[in-house]
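The values are calculated or read from the model by the stated rules, or taken from the named source; none is laboratory data. In this text, all values refer to a predicted model and were calculated from it rather than measured experimentally. Positions of Cβ are generated from backbone atoms using ideal geometry, with glycine treated the same way; all protein chains shown enter the neighbour counts.
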Amino acid sequence: MLARSALRSARPVGAAARNAASKTASRSVSTSSSTAEGASSWKTNALPVGATAFAIGTVAWYAYIAGRDVDAMTPAEEGLHPTQYPWEHAKWNKTFDSQALRRGFQVYREVCASCHSLSRIPYRSLVGKIMTVDEAKALAEENEYDTEPNDEGEIEKRPGKLSDYLPGPYKNDEAARAANNGALPPDLSLMVKARHGGCNYIFSLLTGYPDEPPAGAVVPEGLNFNPYFPGTGIAMARVLYDDLVEYEDETPATTSQMAKDVTEFLNWAAEPEADDRKKMGWKVLAVTSVLTALSIWVKRYKWASVKSRKIVYNPPIKSPILSKLPKPTNKS
Ligand code: HEC
């Protein structure tokens with residue numbers, strides 16, 4: 001815009017030069033044209049130049065006020081931003097991979113369950129997704145649960161049922177803290193939703209323990225260095241090592257494979273409805289697209305007579321009486 005107005009303002013200079021060169025030209029005409037052009041160009045330029053200056057000023061003022069990053073935490077305190085991984089199950093037209101969930105549940109049970117509870121998951125929700133009814137029943141029966149008080153008010157123990165929830169490793173939070181150097185291993189049921197970065201964060205956390213903390217990093221006593229954990233010092237040590245579990249489907253149990261499987265499993269635990277939600281989404285899309293097409297057709301059908309109507313103006317037929325009257329004139 002500035003360039004254009006500069007070009008434009010160059011014009012009267014050229015015109016003046018031309019006028020000066022051709023002195024022979026009628027003076028009054030040349031002077032008047034040059035002044036007229038000069039005045040109009042000043043007016044045309046003032047607005048764009050002013051608007052540009054105003055826009056630049058506004059942006060500069062805004063950048064001055066809000067453009068500078070003000071962080072409450074340093075990047076180390078914030079934790080390293082996890083990498084974005086192409087999670088297959090997170091795609092809108094994909095479902096959880098039941099094999100992966102089964103492997104992930106195995107990793108949870110054999111590794112994480114010794115410290116972390118999964119208190120919102122009942123055995124029944126594993127049925128059909130991760131295992132068969134019989135497998136889930138057998139798993140439930142491995143644990144004992146309290147019965148309702150009997151006639152004497154005694155609470156007895158009974159084997160678990162499908163409606164029971166997965167038991168936690170500790171009696172209460174205090175016992176959990178006592179066993180973990182004062183740190184509480186959080187419940188993992190909603191962990192994927194509870195952390196910024198979701199699956200990416202959990203996968204990065206589990207696989208992100210370096211062999212040695214980098215030079216200069218301060219790792220407090222009893223904590224472990226993990227760049228993805230806010231503050232970088234985490235009470236949980238590295239738990240996944242190659243071949244820690246033996247998968248029944250013979251998938252090689254590398255650290256990253258186990259981390260990926262348990263992360264997908266934890267995503268399922270946090271959103272067991274995800275597959276149904278996507279399926280419902282497809283049904284809604286199918287039905288609404290038919291209804292949309294139908295409503296467009298009905299609208300066109302209803303409007304067809306109006307839209308294809310032709311309005312014709314027939315001028316009045318010349319009447320012999322009217323033509324005898326004097327014609328109206330502009331003179332009055
Ligand atoms: C030896 C006990 C132990 C085991 C085994 C363990 N954790 Fe932890 N975990 C902890 C403790 C303690 C914390 C709390 C860390 C803290 O607050 O510094 C924790 C924290 C976490 C967190 C939360 C981190 C955050 O952002 O707050 C996640 C996620 C997690 N663990 C996942 C797992 C998974 C998945 C497994 C199994 C592969 C696992 N843990 C195995 C002890 C354990």
Counting only residues that are closer than 18 Å to CYS115 by Cα and not polar (S, T, N, Q), region 204-228 contains a total of 4
Restricting region 116-129 to residues that are more than 16 Å from the ligand (Cβ to nearest atom) and either farther than 18 Å from ASN267 by Cβ or not polar (S, T, N, Q) (or both), the one surrounded by the fewest Cβ atoms within 10 Å (Cβ to Cβ) turns out to be GLY128
Cβ pairs under 9 Å, 6+ apart or interchain, first in region 53-67 and at positive phi, second surrounded by 10 or more Cβ atoms within 10 Å (Cβ to Cβ) and in a helix (DSSP H, G or I), ordered by first then second residue, are none
Checked region 116-147 for anything assigned to a helix (DSSP H, G or I), in contact with a strand residue (DSSP E or B) (Cβ under 8 Å, 6 or more places away or on another chain) and small (Gly, Ala, Ser); matches are ALA136, ALA140
Worksheet item: ALA113: within 10 Å of the ligand (Cβ to nearest atom), assigned to a helix (DSSP H, G or I), in the same structural domain as THR254 (by TED's automatic domain parsing) and surrounded by 15 or more Cβ atoms within 10 Å (Cβ to Cβ), yes or no?
Response: yes
Per the list (1) hydrophobic (A, V, I, L, M, F, W, C); (2) in a helix (DSSP H, G or I); (3) away from the ligand (no atom under 16 Å from the Cβ), residue check on LEU101 breaks on (3)
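Residue-by-condition table, conditions (1) closer than 28 Å to HIS81 by Cα; (2) outside the structural domain of GLY231 (by TED's automatic domain parsing):
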residue: ASN143; (1), (2): no, yes
residue: ILE155; (1), (2): no, yes
residue: TYR170; (1), (2): no, no
residue: ASP173; (1), (2): no, no
residue: MET191; (1), (2): yes, no
residue: GLY198; (1), (2): yes, no
residue: TYR201; (1), (2): yes, no
residue: SER204; (1), (2): yes, no
residue: PRO213; (1), (2): yes, no
Here the qualifying pairs (Cβ atoms under 8 Å; residues six or more apart or on different chains; first in region 87-98 and touching a residue at least 40 places away in the same chain (Cβ under 8 Å); second assigned to a loop (DSSP other than H, G, I, E, B)) come out as HIS89/THR95; HIS89/PHE96; HIS89/ASP97; PHE96/LYS129
If we keep only residues of region 76-100 that are of a type outside the set (Lys, Arg) and surrounded by fewer than 11 Cβ atoms within 10 Å (Cβ to Cβ), then the residue nearest to GLY231 (Cα to Cα) is GLN84
Per the filter on region 206-229, residues near the ligand (Cβ under 10 Å from one of its atoms), surrounded by 16 or more Cβ atoms within 10 Å (Cβ to Cβ) and in a loop (DSSP other than H, G, I, E, B) are LEU223, ASN226, TYR228, PHE229
When (1) farther than 19 Å from ASN200 by Cα; (2) more than 10 Å from the ligand (Cβ to nearest atom); (3) part of a loop (DSSP other than H, G, I, E, B) are applied to SER289, the one that fails is (3)
Residue hits (region 168-203; away from the ligand (no atom under 11 Å from the Cβ), surrounded by fewer than 19 Cβ atoms within 10 Å (Cβ to Cβ) and over 22 Å from PRO122 (Cα atoms)) are GLU174, ALA175, ALA178
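Would you be able to tell me the number of residues in region 230-254 that are on the phi < 0 side of the Ramachandran plot and near the ligand (Cβ under 10 Å from one of its atoms)?
11
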